[in-house]
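Visitor: Okay, handing you the structure first.
The values are calculated or read from the model by the stated rules, or taken from the named source; none is laboratory data. This structure is a prediction, so every number in the text was calculated from the model and none was measured. With ligands, DNA and RNA removed, areas are computed over all heavy atoms of the protein, side chains included. Shrake-Rupley method; radii C 1.70, N 1.55, O 1.52, S 1.80 Å.
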Amino acid sequence: MRSVVAFLTAVLLISSGCASLSGSQGGEPDYAATAEENLRLGSEALDNKDLLKAQKYFEYVRSKYPYQEAARDAELRLADVEFAREAFPEARDQFQAFIKLHPTHPKVDYAAYRSALTHVEEFPSTFFALPPAEEKDQVEIRAALATMEEFLRQYPDSQYAPEARKHADEARKRLAEHELYVARFYQKRERWKAVAQRLEALLSKYPGTVYEETALFDLHAAYLKLNDAKRAEDTLRQVLRRLPGTPAAEKAQRMLGS
């Protein structure tokens with residue numbers, strides 16, 4: 001008896017699931033009489049994660065009212081649909097197309113920010129079961145830093161600028177962490193020239209991160225291993241310039257013997 005009940009329950013669950021799926025993929029929405037109302041309905045569907053319905057509303061506005069300003073908003077919202085689908089390359093292409101077609105549009109900074117944000121969304125995972133993020137490909141992190149910095153150059157007064165700065169800082173930190181990880185890899189193998197090169201790159205490309213102090217003292221140690229006393233001393237003087245008034249600067253001053 002229990003097996004029969006379990007079977008019937010399973011059938012009901014599958015049937016309801018199929019009905020739900022078919023409902024989400026149903027026919028055309030009940031379109032409204034105005035472009036603005038259809039935009040509102042599309043945005044409401046997007047907020048509710050009904051992406052297919054949202055897409056249909058926005059495509060309807062774009063095709064039905066091509067000469068109205070609402071059509072431009074619909075183009076932007078279609079890119080948002082792709083973003084919500086986590087189809088980030090496609091979303092990025094659509095945001096970039098919007099920028100090229102409508103460079104003076106009042107929401108062009110939104111398109112530029114969201115385009116840059118697609119790279120952030122594709123950062124390597126930090127999920128505990130996977131290799132550490134610093135071991136993985138850093139292409140998207142570099143792209144995020146470059147595009148966020150470009151966004152800040154072009155739209156410094158945008159309402160999205162504070163968030164862009166946060167993302168740029170996070171990308172810079174993660175790239176510095178990667179450089180430090182590679183330097184430590186070479187340290188273990190006593191390849192001191194390679195260590196110095198990676199640490200110099202970290203300090204040059206990604207200044208001001210939480211890894212700066214560690215990188216400077218590790219670089220000093222690497223130059224000592226290379227018997228390059230001048231560069232080792234110059235590195236300690238960098239500590240004084242970069243981190244004035246800190247315990248790290250006091251330590252560097254003591255090591256300089258003055």
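Visitor: Classify segment 46-176: rounded, prolate or oblate, from the alpha-carbon gyration tensor (a ≥ b ≥ c, eigenvalue square roots; a/c under 1.5 rounded; otherwise prolate if a/b is larger than b/c)?
Guide: Values: a/c = 2.87, a/b = 1.56, b/c = 1.83.
Verdict is oblate for segment 46-176.
Visitor: From the phi angles alone, apply the Karplus equation (6.51, -1.76, 1.60; θ = phi - 60°) to segment 42-52 and give each ³J(HN,Hα) in whole Hz, x where the residue is Gly or Pro.
Guide: Each residue's phi maps through the Karplus curve to give x, 5, 5, 5, 5, 4, 8, 6, 8, 6, 5 Hz.
Visitor: If you don't mind, there's one more thing I want to ask. In whole percent, and with a 1.4 Å probe on the protein chains, what portion of the accessible area of segment 211-258 is carbon and sulfur? List each step's numbers first, then the result.
Guide: Details: 1390 of 2820 Å².
Carbon and sulfur atoms account for 49 percent of the accessible area of segment 211-258.
Visitor: Pull up the cross-link candidates among the lysines for Lys225, meaning alpha carbon to alpha carbon under 25 Å and not fewer than 8 places away within one chain.
Guide: Partners found: Lys188, Lys193, Lys205, Lys251.
Visitor: Next question. How large is the accessible surface of Tyr65 in square angstrom, using a 1.4 angstrom probe and rounding to the nearest 10?
Guide: Estimated to the nearest 10 Å², Tyr65 gives 30 Å².
Visitor: Would segment 173-246 count as rounded, prolate or oblate if I go by the C-alpha gyration tensor, calling it rounded below 1.5 in a/c and otherwise prolate when a/b exceeds b/c, oblate otherwise? Intermediate values should be presented prior to the final figure.
Guide: Values: a/c = 2.20, a/b = 1.08, b/c = 2.04.
Oblate.
Visitor: While we're here: Sequence-distant or interchain residues sharing an amide H contact under 5 Å with Ser158, placed H: which?
Guide: Excluding prolines and chain starts, which carry no amide H, there are no hits.
Visitor: Same structure again: Would you list which aspartates and glutamates come within 17 Å of Lys230, measuring only between C-alpha atoms, while excluding same-chain residues fewer than 8 positions from it?
Guide: Filter leaves Glu200, Asp218.
Visitor: Not counting ligands, DNA or RNA, and with a 1.4 Å probe, what is His119's accessible surface area in Å² rounded to the nearest 10?
Guide: Rounded to the nearest 10, the figure is 20 Å².
Visitor: To continue, here is another question. So what J values fall out for segment 149-155 if you push phi through Karplus, 6.51 cos²θ - 1.76 cosθ + 1.60 with θ = phi - 60°, rounded to Hz, Gly and Pro as x?
Guide: 5, 5, 4, 5, 5, 7, 10
Visitor: Tell me, what is the 1.4 Å probe accessible area of Val139, in Å² to the nearest 10?
Guide: Here the residue's solvent-accessible area equals roughly 80 Å².
Visitor: With the cut-off at 1.5 for a/c, could you classify segment 46-117 from its C-alpha gyration tensor as rounded, prolate or oblate? Walk me through the numbers before you get to the answer.
Guide: Details: a/c = 2.00, a/b = 1.04, b/c = 1.93.
Verdict is oblate for segment 46-117.
Visitor: While we're looking at this one, here's another question. So what are the ³J(HN,Hα) numbers for segment 174-184, from phi and the Karplus equation (6.51, -1.76, 1.60; θ = phi - 60°), rounded to whole Hz, Gly and Pro as x?
Guide: For segment 174-184, the Karplus curve yields 5, 5, 5, 4, 5, 4, 5, 4, 5, 4, 5 Hz.
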